Each structure stands twice: as structure tokens, then as C-alpha cells.
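Undergrad: Pasting a structure here, questions to come.
The values are calculated or read from the model by the stated rules, or taken from the named source; none is laboratory data. Everything numeric here is computed off the predicted structure, so don't read it as measured data. Positions of Cβ are backbone-derived with ideal geometry, glycine not excepted, and every protein chain shown enters the neighbour counts. Areas reflect the complete protein model, heavy atoms only, side chains present, ligands, DNA and RNA absent. Shrake-Rupley method; radii C 1.70, N 1.55, O 1.52, S 1.80 Å.
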Amino acid sequence: MMAPSTTVRLSISGMSCAGCVSRVETALKNVPGVDEALVNLVERTAQVRGTVAPSSLITAVKGAGYDAAQMIGAQSEQDKEAAEAVHYQALLRQSVVAALVGFPLMFMDWFGVMPHLHGGGRIFWMAVAVVTLAVMVYSGARFYTGMWKSFKVHNANMDTLIGLGTGAAWAYSTLITFSPELVPEAARHVYFEAASIIIALINLGSALETRARGKTSQAIKRLIGLQPKTARVIREGKELDIDIAQVGLDDTVRVRPGEKIPVDGIVIDGHSSVDEAMLTGEPMPVEKKPGDHVTGGTLNKTGAFLFQAKRIGKDTALARIVELVRQAQNSKPAIGRLADKISAVFVPSVLIIAVLTFLAWFNFGPEPVASYTLVATMTVLIIACPCALGLATPISIMVGVGKAAEYGVLIRNGEALQQAGKLTTVVLDKTGTVTLGRPVVTTLLPMPGWTDNRLLHIAASVEAASEHSLAQALLDAAKTRGLDLLRTEGFAAVAGHGISARVIQSTGEVAAVYFGNRKLMDQHHIDVAALAPRVAELAA
């Protein structure tokens, strides 16, 4: 019997460009039992589906020259966020340190106040060489370790370009600082500022990317935040507050007014109205009675009830929605796959161009051949980084999917997002999609002898003690008209019908008020037949 297919999420470190994504994906897909592997450069994560042990996947990633760890549950997400915050601050510090060395040197060059490479000037440049080397070690160590790891597994990535470019700039500059006579007068130019500024800018770019990555994950964090952390279950006649992860199938769960429903289930006792806007977008609460389904993450409004847990953990509707958003952020539309293909060959292509440049200048360049060859080859390496191509598409997808989820629109894959750019017509299937998303008072129908304000005044006064979503609409309307609420007593909610209360008027007179649907009116023998045609017209 075949083992069931599962999805494993890995946190990947050491990736710096789309070429890295291609190599990690290839390594994962080559593991026996893997059906699908999606690597996200922006999130630094991999999502693998198949019948394979996580340890095998981690071994494969490490074999490709990168580090990996399995991500399990919300704690892994929190640990990852904390690590990202620390990494962001470190990148900013490294960028500032490199900039403090590189930019003053650049401005000195612009204004023509650079010391010469002879006499006292040589001592200055020797000191700069040492300081720049310290910057390369402190601010750029990850590039050189990444380049070495890639070299060991016979790969090349953005770290290779950055390492070779800045290393060549420093080596060449140090060489002519100590032996300027090795190159012609015209080539006696140091590039210490180039090495420092490249490291500063790439670290700054990485820091901004890390920050953007955190922001695009906010949609998923908000969705996860819809689920309460604990649930109140009844076991052996006792009510226990337990962690939501400990709720089992068929557990009896109690939900009180104002609480979020912890997991999916079926109501077995009680009656309430539940705000399911999280799921449907509809502002009106849905009445729930025994036998009705309730969904984890939705908000219980008025009554208390018991329900039996039927779907828990990854099987709840909310968990599946979170997974859909996460898959959409990891998916690659056609333009993304094209960018990956180009980026995968970008670094090797640059290295080949650098070699060809070296050979061309070495064989056909003017004298002194060695100097011009070194300068031209180093220039190719320096101008070739960074590789924005591999980051542009995944960041765009994450921002687009995340922003849509923020507004309640769930996009299931990146392909749909790309196609959305070609839309010319949008057809909506319900009014709730284009309304305010909350009820407002639009029409008042007073009986003969009553005014709009008197009707609204009494209705809003009674509803002031109610938790129903329509109550707020009445209170807002009364506030807009400047109506001060009357005192009430004896407030009672009649499940499925409405409310009743006694209103104490300004004259001291006490009036019984019934506020609700036609069933409540019939129950108390209140004749509303005169309004029935207009009510039916509005309802339609």
C-alpha cells in the first residue's frame, strides 16, 4: 500500500539569485518520491509535495550547497519572523559600515582631492586597503562564504559575481597601491570605493527585500490570527480551556457570545447568530441552530451554543484558505518561469563574458596588455551585479497575492494574477461584493400619526442594548440625526424573532416596545397589515 502524499515546508538559507532557486528545485525534484517542488526566493522557503521524509529533502538541499530546516506549525513561522528581524537589522548595520567607507572615497574622487599613489599618498591608500578589507570581512563575509560553497559543488550564483567583482577590485587596487609601476599611468586608479559601495548597496537592497518580504506575509499572519489560541471543551462533565492544537475530533466545544469559533463543527445545542464575513464577505450574521455547520475563525455574536468538532488542524476551512494563499505566493506564472530560465543562466553567462573579455584584451589589447586585461575583466564582473531579474517576479506575485488577501480576495495561483492584468470586464455574482459591507438605514416607514424621528428615536433606544449587527445601523442613524437615546428597562432577546423592552419616555411614561420580524408581531397580535405591501416591495 502506497504512503499518502504529504506537503513539507522547508526554510532555505544561502540562496541569493534565481540560479540558486533552479538548483534547489532540481535537487529536491531528484529525490525519489517527490511529486512537486516549489522554491520561493523571496520567502527563502520550499514547498515539497510527495511521499518522502523531510530528512531526505534536507540532505538533498545541503548537497546542493545550501542549508535547510523543516517548518512545522505557527511556532516555526514565529521563529522565522524573529530570525528575519535580526537579519534585517544586521544587513542595515553592514550596509551603513560599508557606506561610511565607500561614499567618502567616491566624493573625494568626484571633487578631485584623491591623494596620489606616491609619496605620502601611498601611506593613505595602504590604510584604505586595510580598512576596505575589514569592510569586506564584516559587511561582505556572506558573499565570499556563499561563493566558496557554490564553488565546492561546481555552481555559480550571485555570490560568485559579487565575490569575484569586489575581490578583483580590492586585489587590483592593493596591487597598484604597493607597486604602481606595474601598470601605466592612465590605469593607476584604485577601486576601493567600488568594492565598498557595491557591498553597501547590495546589503541595503537585501535589507529592503527582507522588509518587503515581512510585509507581504502580513496577509497570511492576519488569516492565521483569525483563529483563537484556545478552546473551551467539555470532557467528562468538566469544562476545560485547552490549546486549540489539543482539540480532538468529536470533542464538545462551548462558544460564548463575542468569542471566535475555534474549529469547524456542527451545532448540537443552543442558538446564536454568527458573523461569517471572514468566509463569505456578507455583513449580516447567519442564524445557527442544532444541526447547522459552524466554521473556525468566524465570530459568534449573540447566543451561546455547544458544537461537536468535525474538522481540526490542517483540515479546517481557515487552514485550507491559509494554505491556498501560501501556495499562490509560491506559484509561478508564465512570466515567472521565463525569468527563472533567464536568471538560471545569467551568472554563468557573465562569467563566460568575463573570460572572453580577458582573452580578447590579452590577445588583441594595447600595451601594457596585463593592466588593460585586468581592468576590463574586473569591470565586467563588477557591473554584472546585482541580479534583480530573479527577484522582481516573485516579489510582485507575493505583493499582489498578499494585497488581494488583505482586501478579502483570495488568488489561488500566480497564473490567475498574471491573467487578471488582461481583464476588460468584471461580473459580480452578489450585491454584497460591491456594497459598504455593513448595513445602514435607508428607509423609514412610520404608521399614521408617527414621524420618522419618533420611530427612529424609540427603535434606536431599544436596540442600544442589543448585539445584533442591525442595531449599530439604527444607532448610527440616530446619531446622525442628533437624537439622544431614551432610557430602557427589561430588555430581552427573543431568539429568531427580535427583542422587547420597556422605554421610559421624557414624560415619565413607560411604553412596551416589540422590535423584530413579522413572527414577533403576530405573536403579540400587532397589526402591521397596512405596511405589508411596501415591506414586500423593499424586501424584493
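Undergrad: Could you calculate the contour length gain from PHE111 to ARG188, that is, 0.36 nm times the residue separation minus the distance between their Cα atoms, to one decimal place in nm?
TA: My answer for the length gained is 26.0 nm.
Undergrad: Taking Rh as the Kirkwood radius computed over C-alpha pairs, what is the Stokes-Einstein D of segment 115-168 at 25 °C in a medium of viscosity 0.890 mPa s, expressed in µm² per second?
TA: Estimated diffusion coefficient is 197 µm²/s.
Undergrad: What accessible area per residue, rounded to a whole number of Å², is obtained for the chain using a probe radius of 1.4 Å?
TA: On a per-residue basis, the chain sits at 53 Å².
Undergrad: Shifting gears a bit: Identify, among ALA231, ALA277, PRO290, the residue whose Cα sits farthest towards the positive end of the charge dipole of the chain, taking +1 on the Cβ of Lys and Arg and -1 on the Cβ of Asp and Glu, with the dipole about the Cα centre.
TA: ALA231
Undergrad: Another question about this same structure. Put PHE305, PHE103 in order of accessible area, largest first, 1.4 Å probe: what do you get?
TA: Details: PHE305 5, PHE103 60 Å².
Sorted by accessible area, descending: PHE103, PHE305.
Undergrad: Looking at the chain, I'd like the Rg to Rh ratio, where Rg is from alpha-carbon atoms and Rh is Kirkwood's inverse mean 1/r.
TA: Rg/Rh: 1.16.
Undergrad: Still on this structure, I have one more. So for segment 266-330, Kirkwood radius off the Cα pairs, Stokes-Einstein at 10 °C and 1.306 mPa s: how many µm² s⁻¹?
TA: On the way: Rh = 12.7 Å.
Answer, rounded: 125 µm²/s.
Undergrad: Bin all alpha-carbon pair distances of segment 423-540 at 5 Å intervals from 0 and give each bin's fraction as a whole percent.
TA: Calculated over all Cα pairs of segment 423-540, the distribution is 2, 9, 17, 21, 21, 14, 6, 4, 2, 2, 1, 0, 0 percent.
Undergrad: Ok, one more. Any idea how far apart LYS310 and ALA511 come out in nm if each label point goes 7 Å out from Cα toward Cβ?
TA: Computed distance between label sites LYS310 and ALA511 equals 4.6 nm.
Undergrad: Please find the FRET efficiency linking LYS422 to ALA127, where r is the Cβ-Cβ separation and R0 is fixed at 60 Å, and quote it to the nearest 0.05.
TA: The calculated FRET efficiency here is 0.55.
Undergrad: Oh, and also: Per the Debye formula with a single identical scatterer at each Cα and no solvent contribution, what log10 I(q)/I(0) holds for segment 90-191 at q = 0.19, 0.21, 0.24 Å⁻¹?
TA: So the normalised log intensities are -1.00, -1.12, -1.28.
Undergrad: Once you've got the Cα coordinates, tell me which of LYS221/LYS301; LYS238/LYS288; LYS260/LYS422; LYS229/LYS403 are over 32 Å apart.
TA: In this structure, LYS260/LYS422 lie more than 32 Å apart at Cα.
Undergrad: Suppose every Lys and Arg Cβ carries +1 and every Asp and Glu Cβ carries -1, with no other charges. What dipole size does segment 224-279 come out with about its Cα centre, to the nearest 20 debye?
TA: 180
Undergrad: In addition: Counting only protein heavy atoms and using a 1.4 Å probe, what share of the accessible area of the chain belongs to carbon plus sulfur, as a whole percent?
TA: Heavy-atom surface of the chain belonging to carbon and sulfur, 1.4 Å probe: 62 percent.
Undergrad: Apply the a/c threshold of 1.5 to the C-alpha gyration tensor of segment 215-266 and tell me whether it is rounded, prolate or oblate.
TA: It comes out prolate by the Cα gyration axes.
Undergrad: While we're here: At what distance in nm do the modelled label points of GLU406 and ALA83 sit from each other, each positioned 7 Å from its Cα along Cα→Cβ?
TA: About 2.6 nm, to one decimal.
Undergrad: Let me ask something else. Dipole magnitude of the chain about its Cα centre, charges +1 at Lys/Arg Cβ and -1 at Asp/Glu Cβ only, in debye to the nearest 20? Working shown, then result.
TA: Details: 49 positive and 46 negative charges, 88 e Å.
It comes to approximately 420 debye.
Undergrad: Kindly provide the helix-only [θ] at 222 nm of the chain, computed as the sum of -39,500 (n - 2.57) over DSSP H runs of four or more divided by all residues, to the nearest 500 deg cm²/dmol? If you can, show how the numbers build up before the last one.
TA: Working: 17 runs with 274 residues, N = 540.
One gets -17000 deg cm²/dmol as the mean residue ellipticity at 222 nm.
Undergrad: Now, a different point. Considering only ALA530, PHE346, ALA134, whose Cα is most displaced toward the positive end of the charge dipole of the chain, charges sitting on Cβ of Lys, Arg (+1) and Asp, Glu (-1)?
TA: Toward the positive end, the furthest listed residue is PHE346.
Undergrad: Related question: Label points 7 Å out from Cα along the Cβ direction at LEU445 and ARG254: separation in nm?
TA: Going by the 7 Å Cα→Cβ label model, 4.2 nm.
Undergrad: Still on this structure, I have one more. In degrees between 0 and 90, to the nearest 10, how far off the longest principal axis of the chain does helix 18-29 point, with axes built from Cα atoms?
TA: Long axis of 18-29 versus the principal axis of the chain: about 70 degrees.
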